[in-house]
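*Asks:* Here it is, the structure in full.
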Amino acid sequence: MKIVEIFRSLQGEGKNQGKPCLFIRLAGCNLKCRWCDTPASRSSGIEMSLDTVMEQVWRINPPYVCVTGGEPLLQADELERLLVSMKKRGTAIDIETNGTIDFSRFQPCASICMDVKCPSSGEQSDLSLLEKIRPEDSVKFVVKDEADCRYAQEVLKTHPISGEVFLSPVFGADYQPLVRFVLTNTLPVRFQLQLHKILGVQ
């Protein structure tokens, strides 16, 4: 597997925000978002065997793991084997994905967090994947401005979503107009800041 890093931190966003978590960050991405906050994940990473990755995971023996990137689903076959192994050990697993690759094959093992790309990112997600989101999954819109909020509003109107929906501002953006938009339009979302950025941890 191509790995950028394996590290422990607090989950900074999503349904499990604030929980201690082991992150497995896979290398490579098929997008180039303008506001990407992990550009190192676009690199080729370090080649590690699945056994080596598992050895590191079991040394820590975490109850909760988040697999992220980059785009982790680009390494689908090895990722699936990793997930099956962790699931057998009773590990709770989240996968963070950019919503461009079908994630349904991984849902038996993990909760999906689909990041829907808004206009400010310069990229697009496959909105047809939203119909595959289950109640135990979630969707995140990273927004920079009101145009992004309007895009999220339109997506929510036209695509019923079974899981929880988060609206997360780009770190450092002006939060006030984004909050006003949510309140004025009664968006069915949870507004959420990136906890790890606020705390200054990885």
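*Asks:* Gaussian network model of the chain, Cα springs within a sub-10 Å range: biggest mean-square fluctuation belongs to which of D102, D94, D51?
*Replies:* Among D102, D94, D51, the largest mean-square fluctuation in the Gaussian network model of the chain belongs to D51.
*Asks:* Something else: Could you list, by residue number, the cysteines of the chain that have no other cysteine's beta carbon within less than 4.7 Å of their beta carbon?
*Replies:* Here C21, C29, C66, C109, C113, C118, C149 come out as lacking a disulfide-compatible partner, given the Cβ-Cβ threshold of under 4.7 Å.
*Asks:* In debye to the nearest 20, how big a dipole does the range 136-182 give about its Cα centre with +1 on each Lys and Arg Cβ and -1 on each Asp and Glu Cβ?
*Replies:* Dipole magnitude for the range 136-182 comes out near 120 debye.
*Asks:* Could you tell me which of G122, S41, C109 has its Cα farthest along the dipole of the chain towards the positive end, charges placed at Cβ (Lys, Arg +1; Asp, Glu -1), taken about the Cα centre?
*Replies:* Farthest towards the positive pole: C109.
*Asks:* So how strong a dipole does the chain carry about its Cα centre when Lys and Arg Cβ are +1 and Asp and Glu Cβ are -1, to the nearest 20 debye?
*Replies:* Details: 24 positive and 25 negative charges, 79 e Å.
Value, rounded to 20: 380 debye.
*Asks:* Most fluctuating residue of M54, M86, M114 in a GNM of the chain with Cα springs under 10 Å: which is it?
*Replies:* M54
*Asks:* Could you sort out which of K88/K144; K88/K157; K87/K197 sit more than 32 Å apart by Cα distance in this structure?
*Replies:* K88/K144; K88/K157
*Asks:* Which residue, G18, G99, H159, has the largest displacement toward the positive end of the dipole of the chain when charges sit on each Cβ (Lys, Arg +1; Asp, Glu -1)?
*Replies:* The residue sitting farthest along the positive end of the dipole is G18.
*Asks:* Follow-up. Under a Cβ-only charge scheme (Lys and Arg +1, Asp and Glu -1), can you give me the dipole magnitude of the range 119-202 about the Cα centre, in debye to the nearest 20? All intermediate terms of the calculation are to be shown ahead of the outcome.
*Replies:* Numbers: 9 positive and 11 negative charges, 40 e Å.
My answer is approximately 200 debye.
*Asks:* All other residues with a Cβ under 14 Å from the Cβ of V201 taken together, and with Lys, Arg as +1 and Asp, Glu as -1, what is their net charge?
*Replies:* 0
*Asks:* Still on this structure: In nm, to one decimal, how far is the F191 label point from the N30 one, both placed 7 Å along Cα→Cβ?
*Replies:* With each label placed 7 Å out from Cα toward Cβ, I get 3.4 nm.
*Asks:* Also: Could you state the principal axis extents of the C-alpha atoms in the chain, from the largest down, to the nearest angstrom?
*Replies:* The Cα atoms of the chain stretch 50, 34, 28 Å along their principal axes.
We did not get these values from a lab; they are worked out from the coordinates using the rules stated. None of these values were measured; they are calculated from a predicted model. When we count neighbours, we look across all protein chains shown, and the Cβ atoms used for this are built from the backbone with ideal geometry, even at glycine.
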